[in-house]
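Enquirer: I am attaching a structure below and will ask some questions about it afterwards.
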Amino acid sequence: MHGFYRIAVLPGDGIGPEVTSEAVKVLKAAEEVLGPTFRFQTGLIGGCALDATAVPLPPETISICNQAHAVLLGAVGGPQWDSKRPELRPEQGLLQIRQRLGLYVNLRPAKVMETLVSLSALKPDRVRGTNLMIVRELTGGIYFGNPRGIFSKDGERYGVNTEIYREHEIERVAHRAFQLAQARRRKVTSVDKANVLETSRLWREVVTRVSRSYPHIELDHLYVDNCAMQLIDRPTSFDVVLTSNMFGDILSDEAAMLTGSIGLLPSASLGEHSALYEPVHGSAPDIAGRKRANPLAAIASAALMLRFSFRMERVALAVETAIEKVLKRGVRTPDLPGRSRPVTTSRMGDLVAAETVKLLKSPKFRPP
Ligand code: NAD
Ligand code: IPM
Ligand code: MN
């Protein structure tokens, strides 16, 4: 290997630092077998950055990210910053870094593990075998459109947000979805609200056009309200779910409940030149600082980093297999009720790290 992989670590707020350090722990454990491979550099983002520098995304953090091969992020936000002006909220730090790095596609896999089938919010027979991938557009739509703001007119205030999608924004994320589907079960479900919104009508038209370059992939379209229902009714029938920024945000939290806990869901945000990996969940202020956070979403996000950014498939698979093995032994954080006493965040990290090392040392462990 040439040199080191530089990883920018942005722990953020709430449970962000607690879960991120477990992900770093697992990567460092892998180095016991791989030899020195990663260089970590930490930066501030979100509420902690606001407290230290008065902005949610300091220039220093941007430059750390620009110099890194990949970014590992925890979570941002918390009630102590909720009264801030909109441009000074922690969440702005996250939205800005996604935009600054051009991370237009967000992959959010949701796979139901057989060991956890009974923890799903759904009946086991309905949810067993679910394995879907939400492909969420991440740098456009109503999150970023102008005009936006709270204004006054005729003695009353009104709030405005604007959803805008340009053709090229839809096109590039659609290509990513079809390419992913090619290596999966060859099915794309595009989700929109084309019965009401113009942005969605354009979305549907462009996705249909892009699909002609992928004749072997089945495409269907669902309205988002129906999709929210079908995800509960027939979750196993979904493969790749392609959707806009806001619909993807909402549907991915829904998908978390199929798997058992939002503490399990990782994500990868990709652009042409950069990549950022973070759990789907937030900073969980209700459990922060209590050693109760599930670090598996953060650890699985690091596995996605190994796969997508570093092309280290065997190591990625070792981390994912380690997570499954540890869960199979009945090890649980408090968000995953089980028979035995729950373990702490760092104990879960220790066990996954040890199992990862064991797998990497085994010559028999090979990707399929
Ligand atoms: P949340 O995801 O932080 O928490 C929702 C619920 O899930 C809470 O009960 C929490 O305890 C639980 N939970 C979340 N992650 C968990 C984990 N790893 N282990 C165990 N339980 C977990 O969502 P919220 O409460 O709506 O938002 C809290 C703050 O986080 C807000 O400021 C919000 O803006 C922010 N947020 C940030 C991100 C991000 O940084 N990517 C994502 C979502 C929300
Ligand atoms: C997520 C979060 C963010 C989003 C917030 C914190 C800006 O909910 O990553 O899912 O809405 O994208
Ligand atoms: Mn969200």
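The values are calculated or read from the model by the stated rules, or taken from the named source; none is laboratory data. Here the structure is a predicted model, which means the values were calculated and not measured. Glycine gets a Cβ as well: all are built from the backbone with ideal geometry, and neighbour counts include every protein chain shown. Note: accessible area is taken over every heavy atom of the protein model, side chains too, but ligands, DNA and RNA are not part of it. Shrake-Rupley method; radii C 1.70, N 1.55, O 1.52, S 1.80 Å.
Enquirer: For residues in the stretch 240-257 being more than 10 Å from ligand 3 (Cβ to nearest atom) and over 21 Å from ILE164 (Cβ atoms), which is surrounded by the fewest Cβ atoms within 10 Å (Cβ to Cβ)?
Expert: Filtering the stretch 240-257 for residues that are more than 10 Å from ligand 3 (Cβ to nearest atom) and over 21 Å from ILE164 (Cβ atoms), the one surrounded by the fewest Cβ atoms within 10 Å (Cβ to Cβ) comes out as GLU254.
Per-residue answers, yes or no, for (1) among the hydrophobic types (A, V, I, L, M, F, W, C); (2) more than 15 Å from the chain's Cα centre (by Cα); (3) in a loop (DSSP other than H, G, I, E, B); (4) assigned by TED's automatic domain parsing to the domain that holds PRO90:
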site	(1), (2), (3), (4)
TYR277	no, no, no, yes
GLY282	no, no, yes, yes
ILE287	yes, yes, yes, yes
ARG292	no, yes, yes, yes
ALA300	yes, no, no, yes
ALA303	yes, no, no, yes
ARG307	no, no, no, yes
PHE310	yes, yes, yes, yes
VAL315	yes, yes, no, yes
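Enquirer: Given the conditions (1) surrounded by 15 or more Cβ atoms within 10 Å (Cβ to Cβ); (2) touching a strand residue (DSSP E or B) at 6+ places or on another chain (Cβ under 7 Å); (3) without any contact (Cβ under 8 Å) to a residue 40 or more places away in the chain, report the number of the one that VAL71 does not fulfil.
Expert: Among (1) surrounded by 15 or more Cβ atoms within 10 Å (Cβ to Cβ); (2) touching a strand residue (DSSP E or B) at 6+ places or on another chain (Cβ under 7 Å); (3) without any contact (Cβ under 8 Å) to a residue 40 or more places away in the chain, VAL71 violates only (3).
One line per residue, one yes/no per condition, for (1) touching a Leu at 6+ places or on another chain (Cβ under 6 Å); (2) part of a strand (DSSP E or B); (3) within 30 Å of ALA70 (Cα to Cα); (4) of a type in the set (Val, Ile, Thr):
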| site | (1), (2), (3), (4) |
| --- | --- |
| GLU171 | no, no, yes, no |
| ALA177 | yes, no, yes, no |
| VAL191 | yes, yes, yes, yes |
| THR208 | no, no, no, yes |
| ASP225 | no, no, no, no |
| LEU231 | no, no, no, no |
| MET246 | no, no, yes, no |
| GLU272 | no, no, yes, no |
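Enquirer: I need the full set of residues from the stretch 137-162 which are charged (D, E, K, R) and open to solvent by 50 Å² or more (accessible area, probe 1.4 Å), in order please.
Expert: ARG148, LYS153, ASP154, GLU156, ARG157
Enquirer: What is the one condition in (1) crowded, with 21+ Cβ neighbours inside 10 Å; (2) farther than 28 Å from GLY145 by Cβ; (3) at pLDDT 95 or above that GLY260 does not satisfy?
Expert: Failed condition: (3).
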